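Shown next, in structure tokens, is the structure this report addresses.
The values are calculated or read from the model by the stated rules, or taken from the named source; none is laboratory data. Just so you know, these numbers come straight off a predicted model, no measurement behind them. Here the Cβ positions follow ideal geometry from the backbone for every residue, glycine too, while neighbour counts run over all protein chains shown.
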Amino acid sequence: MNVKASNLISVTATRWSGGWDLLIDDDHATSVAHLKNAESQVRDYLDTAFPGEDHANTSIKIQVDLGGLQDDIAQAKAAGKEAARQQELAAARIRRVVKDLKDRGINSEDTASLLGISRARIYQLLASS
């Protein structure tokens, strides 16, 4: 890859005892203690290695090499997003049920008993519906 002329740079991050090695290409590498600083470290490295170039608008994609754990991470993140989506659906459903029970004249104490939640939560749900 011609790092100097590229607008998109893919960097492979590999863990070691002191942090992360950031392999830019066969001739260029740097390291960083924490992944959150990887992009700025690569940009700083490029600015040092190629002082006449402006790398402010260079897109840097950090690809982490964890020996197969990337799939586990992706699945865990997807599961978390799905759980959050399901939580939103459940919250909307319970708000609807609370409102329906109120519309049928069922008081908040009985609604709380039916749903197994506190009366304070019933009031919160009614206020947000």
Output for Cβ contacts, cut-off 8 Å, separation at least six or different chains, first residue assigned by TED's automatic domain parsing to the domain that holds residue 96 in the stretch 109-127, second of a type in the set (Asp, Glu), reads 119/109
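Residues checked against (1) loosely packed, with under 13 Cβ neighbours inside 10 Å; (2) of a type in the set (Val, Ile, Thr):
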position: 10; (1), (2): no, no
position: 13; (1), (2): no, no
position: 18; (1), (2): yes, no
position: 58; (1), (2): no, yes
position: 64; (1), (2): no, yes
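How many residues, within the stretch 31-46, are hydroxyl-bearing (Ser, Thr, Tyr) and under 17 Å from residue 59 (Cβ atoms)?
Quick first cut of the stretch 31-46, residues hydroxyl-bearing (Ser, Thr, Tyr) only: 31, 40, 45.
Narrowing further to those that are under 17 Å from residue 59 (Cβ atoms): 40, 45.
Qualifying residue count, the stretch 31-46: 2.
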Selection over the stretch 29-60 where residues are closer than 26 Å to residue 70 by Cα, small (Gly, Ala, Ser) and in contact (Cβ under 8 Å) with a residue 24 or more places away in the chain yields a count of 2
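Is it fair to say residue 84 is within 30 Å of residue 25 (Cα to Cα) and in a helix (DSSP H, G or I)?
Working: within 30 Å of residue 25 (Cα to Cα): no; in a helix (DSSP H, G or I): yes.
It is false that residue 84 is within 30 Å of residue 25 (Cα to Cα) and in a helix (DSSP H, G or I).
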The one condition residue 89 fails out of (1) in a strand (DSSP E or B); (2) more than 18 Å from the chain's Cα centre (by Cα) is (1)
Scanning the stretch 30-65 for residues that are assigned to a strand (DSSP E or B) and either of a type in the set (S, T, N, Q) or within 16 Å of residue 8 (Cα to Cα) (or both) gives 30, 31, 59, 60, 61, 62, 63
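Select from the stretch 53-78 the residues that are among the small types (Gly, Ala, Ser) and over 20 Å from residue 21 (Cα atoms) and list them in ascending order. Let's see the steps before the verdict.
Within the stretch 53-78, the first condition is being among the small types (Gly, Ala, Ser), and the residues that meet it are 56, 59, 67-68, 74, 76, 78.
Within the stretch 53-78, 56, 74, 76, 78 meet the criteria.
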Notebook entry, point to check: Is it the case that the stretch 66-78 has a residue that's modelled with pLDDT of 95 or more, farther than 30 Å from residue 11 by Cα and of a type outside the set (S, T, N, Q)?
Noted result: no
Over the stretch 17-28, the set of residues outside any loop (DSSP other than H, G, I, E, B) and touching a residue at least 12 places away in the same chain (Cβ under 8 Å) is 19, 20, 22, 23, 24, 25, 28
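Only one residue in 122, 106, 94, 24 is surrounded by 10 or more Cβ atoms within 10 Å (Cβ to Cβ) and touching a strand residue (DSSP E or B) at 6+ places or on another chain (Cβ under 7 Å). Which one? Talk me through it step by step, then tell me what you get.
Details: 122 fails: touching a strand residue (DSSP E or B) at 6+ places or on another chain (Cβ under 7 Å); 106 fails: touching a strand residue (DSSP E or B) at 6+ places or on another chain (Cβ under 7 Å); 94 fails: touching a strand residue (DSSP E or B) at 6+ places or on another chain (Cβ under 7 Å).
One residue alone meets the criteria, 24.
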